[in-house]
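Report on the following structure.
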Amino acid sequence: MTTCRSFFYLCTLGVFCFISYNLVRMPVLSLFAESLGAGPERIGLIVSVSTITGVLLKLPSGALSDIYGRKMLLRIGVVAFGLPPFIYPFISDLNALTALRFVHGLATAIFAPSALATVADLYKERRGAALGTYTACTQSGSLLGPFLGGWLAYTAGFSTAFVTAGVFGCIAILIFFSLHLDEPPPRVRERGLAPVMAEMGKGFLAVARNRKVLITSSTDAAKMVANGALMAFLPLYGLSVGLNAGQVGLLFSVQAVTSFLSKPVMGRVSDRVGRQPLILAGLLICAATFISMPHVGSFALLLVLSSGFGFGEAVVSSSSAALVADSSEFKRLGAGMGMQGTVMDIGHASGPLLAGLLIAHVSYQGAFAVIAGLQILAAIAFWATMRTLSR
């Protein structure tokens, strides 16, 4: 009963945190940056900079959660979700917006590895189903956030959208106080920085030498290159073919709905049939739908493709997180999930930057083709590496 209650509160916390975060991020951020005079390359940087925070901090924060316990890191992460949105209405400079996005990125950088490791701690036998359900709950934030953000930006303006995001973040802070976790005492009792750094170093080395964790994380990175490109440039492409901000927000919401409904189911499937076939299938689905988007101008067809991408994303995510947890040492789960998050965020940060450069110098069609090709290459590398490791 205690496990179920903790899992319920963790999932509820994830819902409100990620509504807040995604309400700012899609499609409001790209449109807000454009309103301040940003071009494609600068929009790509602004969208990706919060993910760079994750690249730098997810592995350290995951390792620290192994040392000091998950709840301390979760507490810091929740506060980082709730407070920054209230600053956006006062931003009128692109450099200030870039800096704020870097700070706002602390939210997912600190919260996500500890939350995933907590779920893996709670459910050792049914990790695929549990992680699929939890990530579906966070995905529901991606469902409601973009829809609310696009609608509020279209009807009431950017400031209203940002303040609403802050309100959702503050609700998450209140929910956090209902979360109770039974945790062992800290593994490092000595005072000073040196013992902590030594213990973190052990965690880093353990996951860096784990080829299954690294190659599985790379599949998430390839998927997130495409996801980051969509986040930054699907809003602008949608407007270029005649959609409004509300319709663009609905594209992201449909993607998130499909992912939300699919993740728990696909997590259970991965528990039964294995993680590897689903990861390969999901990457190919993502590549096929992604490459098709810039060849379509119809709102209805874009909805179908967005839904298809969301399904492929769900297939990859629900299986990859469980495979990383399965492949990590028990006392290094936080570091393992942090490594996955770090590699994934490298992909996510690269997506807007790569797409911005390609779109500025080639076209939407060429940019999306290159990024789809990266997903296919990742699928081939994953298949070859796992085949070698299984011998």
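Can you confirm whether Ser292 is assigned to a helix (DSSP H, G or I), polar (S, T, N, Q) and closer than 26 Å to Ser390 by Cα? Considered against the rule, which asks whether it is assigned to a helix (DSSP H, G or I), polar (S, T, N, Q) and closer than 26 Å to Ser390 by Cα, Ser292 comes out as no. Scanning the stretch 351-358 for residues that are at pLDDT below 90, closer than 23 Å to Val213 by Cα and in a helix (DSSP H, G or I) turns up at least one hit. Residues being out of contact with any helix residue (DSSP H, G or I) (no Cβ under 9 Å at 6 or more places or on another chain), in a helix (DSSP H, G or I), open to solvent by 30 Å² or more (accessible area, probe 1.4 Å) and modelled with pLDDT of 85 or more are entirely absent from the stretch 42-52. Screening the candidates Ser61, Ser35 for the property of being more than 26 Å from Ala129 (Cα to Cα) and small (Gly, Ala, Ser) yields one hit, Ser35.
When the stretch 89-105 is examined, which residues are found to be open to solvent by 30 Å² or more (accessible area, probe 1.4 Å) and outside any helix (DSSP H, G or I)? Ser92, Asp93 - these are the residues of the stretch 89-105 that are open to solvent by 30 Å² or more (accessible area, probe 1.4 Å) and outside any helix (DSSP H, G or I).
When Thr138 is tested against the conditions (1) surrounded by fewer than 20 Cβ atoms within 10 Å (Cβ to Cβ); (2) hydroxyl-bearing (Ser, Thr, Tyr); (3) modelled with pLDDT under 90, the lone failure is (1).
Yes/no matrix, rows are residues, columns are (1) touching a residue at least 40 places away in the same chain (Cβ under 8 Å); (2) open to solvent by 20 Å² or more (accessible area, probe 1.4 Å):
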{"position": "Leu323", "(1), (2)": "yes, no"}
{"position": "Ser363", "(1), (2)": "yes, yes"}
{"position": "Gly373", "(1), (2)": "yes, yes"}
{"position": "Ala384", "(1), (2)": "no, yes"}
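So if I check each of Gly336, Gly246, which one is open to solvent by less than 20 Å² (accessible area, probe 1.4 Å) and in contact (Cβ under 8 Å) with a residue 12 or more places away in the chain? Just one listed residue meets the conditions, Gly336. Can you name every residue in the stretch 66-85 that is part of a helix (DSSP H, G or I), open to solvent by 70 Å² or more (accessible area, probe 1.4 Å) and in contact with a helix residue (DSSP H, G or I) (Cβ under 8 Å, 6 or more places away or on another chain)? Within the stretch 66-85, Met72, Arg75, Ile76 meet the criteria. Determine if the stretch 289-304 includes at least one residue that is buried (at least 22 other Cβ atoms within 10 Å of the Cβ) and of a type in the set (Gly, Ala, Ser). No, because not a single residue in the stretch 289-304 is buried (at least 22 other Cβ atoms within 10 Å of the Cβ) and of a type in the set (Gly, Ala, Ser).
The values are calculated or read from the model by the stated rules, or taken from the named source; none is laboratory data. The model shown is predicted, which means the values in this text are computed figures rather than measured ones. Here Cβ is always computed from backbone atoms with ideal geometry, including for glycine, and neighbour counts include all displayed protein chains. Heads up: the accessible areas ignore ligands, DNA and RNA and are worked out on the full protein's heavy atoms, side chains in. Shrake-Rupley method; radii C 1.70, N 1.55, O 1.52, S 1.80 Å.
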